[in-house]
Amino acid sequence: MTPQQLVQEVSQLFTLPDVAIRLNELISAPDSSTQDLVEVVQLDPGLAGAVLKLANSAHYGRATRVDSIPRAIAVIGERELQVMAMATSVTTTFRGLPADLVDMATFWDNSVTCGVIARLLGRRCRIPRTEQLFLAGLLHAVGRLVFYARRPEEYRALLGAAEPTDEPSLAAAERRVFGFDYATLGAELLRSWNLPVMLQVLVACQLRPGEATDCARAAALLHVANSVAAGLSPTLKGVAASQAGPADVDPVAWALVGLDEAVLAEVVQEASSQSLEILAIINPCAAVIY
């Protein structure tokens, strides 16, 4: 079995909605207009509502209410629109997964938290286009959902044998059982969705950021964000939350990031409110439990 074969098994089950695909195409096209984007957004009530909520959120601090899609897109910008389209799409893509393996509300809480932390760390490192870091964080664990969907019995056995159930141990167990881990599998799923190569590389190299030769620092940021988010909001049942710090991450990755340890505490505090706000926008049913 290869990652490609496993992704092929879910090719009809896990597909991006047309609205996300079309917006990605339009934003990448040099001759597209804002009106083109408006027309696509207005065809999807869920996305339209999310865009309006984001434009009116505390993050933008508008004195007057934004009540139209054209104005909302002008406020948040094309890059944030792309992020919002992807975020709302992926939270509706995965359905019917084994409840004893994953609670989707906590899964997306962890994913959003990882994305927010990655973006905040990226800004402190002056990494350009930090929305890519947010998306990489949001999508960092989708490979595990493919395992849950197509190999649930094998994964239950893996969890029973893995000790302790932390991220490095689980990834190592995945490699022993399946021959590859969730990061490699997730990157293959993103490739099948025709998402940017940068996202594929970041997700693939999140466990071994030194292998991302052209974007090693960004991959290291994702690695740190993943470790911190796993401590704050674990996705696996029975795993207790804990406060993560530099000691919990690969020292090579922390060295690549190049930030002072005190920054992590600041980022965690800032990420807490941002994560809840974003989660409430893209996945309201999950947000109400927090």
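The values are calculated or read from the model by the stated rules, or taken from the named source; none is laboratory data. Here the structure is a predicted model, which is why all the values come from computation and not from measurement. Don't worry about glycine lacking a Cβ; one is built from the backbone with ideal geometry, like all the others, and counts go over all protein chains shown. Note: accessible area is taken over every heavy atom of the protein model, side chains too, but ligands, DNA and RNA are not part of it. Shrake-Rupley method; radii C 1.70, N 1.55, O 1.52, S 1.80 Å.
Hey, any hits in the range 150-157 for a residue that's under 23 Å from VAL19 (Cα atoms) and assigned to a helix (DSSP H, G or I)?
Looking through the range 150-157, none of the residues is under 23 Å from VAL19 (Cα atoms) and assigned to a helix (DSSP H, G or I).
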Q. Can LEU54 be described as buried (at least 18 other Cβ atoms within 10 Å of the Cβ), more than 22 Å from the chain's Cα centre (by Cα) and assigned to a helix (DSSP H, G or I)?
A. no
Q) Within the range 179-198, can you find the residues that are of a type outside the set (A, V, I, L, M), in a helix (DSSP H, G or I) and farther than 11 Å from VAL146 by Cα? A) THR184, ARG191, SER192
Q) So which pairs qualify, if the first residue must be in the range 7-24 and farther than 19 Å from VAL83 by Cα and in contact (Cβ under 8 Å) with a residue 40 or more places away in the chain, the second must be in a helix (DSSP H, G or I) and open to solvent by less than 90 Å² (accessible area, probe 1.4 Å), the Cβ gap must be under 6 Å, and the two must be at least 6 apart or on different chains? A) VAL7/GLU188; VAL7/LEU189; VAL7/SER192; VAL10/VAL146; VAL10/ALA149
Q: Keeping to the range 223-241, report how many residues are modelled with pLDDT under 50 and open to solvent by less than 70 Å² (accessible area, probe 1.4 Å).
A: 2
**Q.** Selection from the range 120-142 of residues that are over 11 Å from the mean Cα position of the chain (by Cα) and either without any contact (Cβ under 8 Å) to a residue 12 or more places away in the chain or assigned to a helix (DSSP H, G or I) (or both)
**A.** LEU120, LEU121, GLY122, ARG123, ARG124, ARG126, PRO128, THR130
**Q.** Every residue from the range 9-35 that is part of a helix (DSSP H, G or I) and open to solvent by 50 Å² or more (accessible area, probe 1.4 Å)
**A.** GLU9, ASP18, ILE21, ARG22, GLU25, SER28, THR34, GLN35
(Q) Could you check the range 104-145 and list, in sequence order, the residues that are crowded, with 22+ Cβ neighbours inside 10 Å and of a type in the set (Gly, Ala, Ser)? (A) SER111, GLY115, ALA118, GLY122, ALA136, GLY137, ALA141, GLY143
Q) Tell me, which residue of the range 247-263 that is part of a helix (DSSP H, G or I) and without any contact (Cβ under 8 Å) to a residue 40 or more places away in the chain is least open to solvent (accessible area, probe 1.4 Å)? A) TRP254
Q: Those residues that are within 24 Å of the chain's Cα centre (by Cα) and among the β-branched types (Val, Ile, Thr), I need them from the range 23-45; list them, please.
A: ILE27, VAL40, VAL41
